[in-house]
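Taken together, the values in this text are just the output of simple stated rules run on the coordinates, not laboratory data. Nothing here was measured: the structure is a model prediction, and the numbers come from that model. FYI the Cβ positions are ideal-geometry reconstructions off the backbone, even for glycines, and counts take in every protein chain you see.
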Amino acid sequence: MRRGWVLALASLTIVLVVVDLTAVTIALPAIRSDLGASLPEVQWVVDAYALTLAAVLLPAGVLADRYGRRKLLAIGVTIFTLASLACALAPSAPLLDLARGVQGLGASALYGTTTPLIASVYPEGPERGKALGIFSAVSGLAMTLGPVVGGALTAGFGWRAIFLINLPIGVFVLVALRQRVEESRGAGHLDPLGIVLISAALFAIIPALIHDLPWLLVAGLVLLAAFVLVELRLRNPMVDFGLFRNRVFAVGSGTTLLMLAALLGAFTYLTLYVQGPLEATPVEAGVRFLAFSVAAVIGPVAIGRVLHRWPMGVLIATGPALIAGALLVMAIPAANRWTPIMFGLRCCRWHWPAR
């Protein structure tokens, strides 16, 4: 097996996953105008993708270990590519939302297999660390360039081009996987009841929040609690909840959850706002959002210099505080509405590594 091919293909597939989240966000106003979509339908363009990705991510990793990482990666790329074509051809918002959900299903297989596939061919130590570092850097670069790519494609060719560009990449990855990558497996444990419970919980909670359905939210939380109880009783659970006994892990996971919820939740509306009342073009919006992404490159360097000097508790607490302050700044009325938005975006992303 050629390690370079494994790393290159894993990096390319993660670019597909990340760009199709960030680039599509920039295209939401164009999608809403072209398809005559309502606000909830526009929300589902992002949420349908993220929801199925999150719901199937755990079982995807387990299935990859049991039945083969290359096999599941190939299946994921196939689903993702065909769903991208369906997104590009969607004649209405509901059909686009449905195709995005299927695309997220394929993305879960890509996201759940790439890192284990890299770890399977690089021995533990400096080589694996370097490979995973390159993989993470590519992912960060994709997140940085996603808004710009989305804005350029939308302005030049229309929002459907964001999905059509995935087709040649998907075909290339499938051919290269077959010719250059060998199969590998792990020791994953499949829990069918746990998969059903966590999937049902997520598919209840997200629609409940979007459509303001308290009864569905309660049902989703009950299913989520049932999932936790089932996993705690298993000898070989899919999720090791014992990790949450570690205070640093528990607090870090909690703050990451809250930060992602605040930031990703705000981005849909922020994109509609800057291309609506602020009258920015898709390209202008993508370039302006680079403030958020560039800070993601500078932030780790700055945090790395003080990581071993400041108490971990201070770093973990500072991140959410900065994000809360940044979101508050963006809500303050100002003569030039771009000023608080740009300042807020920089602050939001600057302290991201503190999680």
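Here is how the numbers come out for the structure above:
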{"quantity": "Estimated distance in nm for a label pair at residue 215 and residue 157, the labels positioned 7 Å out from Cα along Cα-to-Cβ", "calculated": "4.7 nm"}
{"quantity": "Ranked by how many other beta carbons lie within 10 Å on average, peptides 276-288, 155-167, 59-71 from highest", "calculated": "59-71, 155-167, 276-288"}
{"quantity": "Inter-label distance, nm, simple model (7 Å from Cα along the C-beta direction), residue 66/residue 222", "calculated": "2.8 nm"}
{"quantity": "Per-pair calculated FRET efficiency, R0 = 25 Å: residue 180 and residue 130 via Cβ, rounded to 0.05", "calculated": "0.80"}
{"quantity": "Neighbourhood charge, 12 Å Cβ-Cβ cut-off, centred on residue 234 and excluding it, Lys, Arg +1 and Asp, Glu -1", "calculated": "-1"}
{"quantity": "Efficiency of FRET between residue 39 and residue 249 - r from beta-carbon atoms, R0 51 angstrom, step 0.05", "calculated": "0.90"}
{"quantity": "Efficiency of FRET between residue 3 and residue 318 - r from beta-carbon atoms, R0 56 angstrom, step 0.05", "calculated": "0.90"}
{"quantity": "Prolate/oblate/rounded call for the stretch 1-63, Cα gyration tensor, a/c under 1.5 rounded", "calculated": "oblate"}
{"quantity": "Ordering of 105-115, 124-134, 221-231, 194-204 by packing [mean C-beta count within 10 Å, highest first]", "calculated": "105-115, 194-204, 221-231, 124-134"}
{"quantity": "Prolate/oblate/rounded label for the stretch 106-175 (Cα gyration tensor, a/c 1.5)", "calculated": "prolate"}
{"quantity": "Sum of side-chain charges, residue 204 neighbourhood, beta-carbon under 15 Å (Lys, Arg +1; Asp, Glu -1)", "calculated": "-2"}
